[in-house]
1. When Lys and Arg each count +1 and Asp and Glu each count -1, what net charge do the other residues less than 12 Å away from Leu96, Cβ to Cβ, add up to?
2. With a 1.4 Å probe and every protein chain kept in, tell me what percent of the accessible surface of the range 146-192 is carbon plus sulfur.
3. Compute for the range 90-146: radius of gyration divided by Kirkwood radius, i.e. Rg/Rh, restricted to C-alpha atoms, rounded to two decimals.
4. Nothing charged except the Cβ atoms of Lys and Arg (+1) and of Asp and Glu (-1): what's the magnitude of the dipole of the range 148-197 about its Cα centre? Round to the nearest 20 debye.
5. Could you work out how much longer the chain between Leu19 and Asp141 gets when fully extended? Use 0.36 nm per residue separation minus the Cα distance between them, nm to one decimal.
6. Can you list residues from other chains, or at least 5 along the same chain, whose modelled amide H is less than 5 Å from the amide H of Gln176?
7. Given a Förster distance of 22 Å, report the FRET efficiency between Asp158 and Arg112 from their Cβ-Cβ distance, rounded to the nearest 0.05.
8. Using a/c under 1.5 as the rounded threshold, could you call the range 88-197 rounded, prolate or oblate? The axes a ≥ b ≥ c are square roots of the C-alpha gyration tensor eigenvalues, and prolate needs a/b larger than b/c, oblate otherwise.
Amino acid sequence: MAGFETHPHRDMEIVTWVLRGSLVHQDSMGHSGLMYPGLAQRMSAGTGILHSEKNDSWQSKGDEHLDLVHFIQMWVVPDEDGITPGYEQLEIDHELMSGRFVTVASGMKAHRDASAIRIKNKDAALHAARLGIGQSVTLPDAPFMHLFVPVGSVTMEDAGDLATGDAVRMTAIGGQKLTALEPAEVLVWEMHETINR
């Protein structure tokens, strides 16, 4: 299957988040789907699965285009080896209009009732927020956190300004306020335990 990636030696939960444009996902388990902003996707990459994400959504819509795609693909180690390959997508664009953090992906008990895609790591969760100028959100309180600003700029209480592409890793800290200096999107992973393998 030309153009596909394989992960033969490591199980992985792969979360894909599109910021602009669209991608087509295909894998050797027969899953296929169009990914676009506001749609969260999780693929459980067990041993031997092949997959691709391509900027060729125009093939199902008509005329070829050269539209740019901006996306982030995040990999999370699952709690156990030998996971069954799987695939899940969830539309959360409406929730993102609220200007607050929305849980995108989680394996934590605390988010069992949230409309989020499920990952096989009981100590990790991904949250996203789309903020207009002056809107604020509060970071979750977690032992470990990774904040990424893929679009726009924000100011972080007690830390200063963060621009597109900036990231902050935090340990045993949380509750700071983020305020958008311009329209922005932020992604935050909260983690409650390290996994040593």
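1. After counting each charged neighbour, the total is -2.
2. About 52 percent, which is the carbon plus sulfur part of the accessible surface.
3. Here the Rg-to-Rh quotient is 0.97.
4. Working: 3 positive and 8 negative charges, 41 e Å.
Here the range 148-197 has a charge dipole of around 200 debye.
5. Between Leu19 and Asp141, full extension yields an extra 41.4 nm.
6. Leu139
7. Values: r = 32 Å, r/R0 = 1.45.
Result of the calculation: an efficiency of 0.10.
8. On the way: a/c = 2.05, a/b = 1.26, b/c = 1.62.
Note, shape of the range 88-197 comes out oblate.
The values are calculated or read from the model by the stated rules, or taken from the named source; none is laboratory data. Computed from a predicted model, the values in this text were never measured in an experiment. FYI the Cβ positions are ideal-geometry reconstructions off the backbone, even for glycines, and counts take in every protein chain you see. We work out accessible area using only protein heavy atoms, side chains counted, and drop any ligands, DNA or RNA first. Shrake-Rupley method; radii C 1.70, N 1.55, O 1.52, S 1.80 Å.
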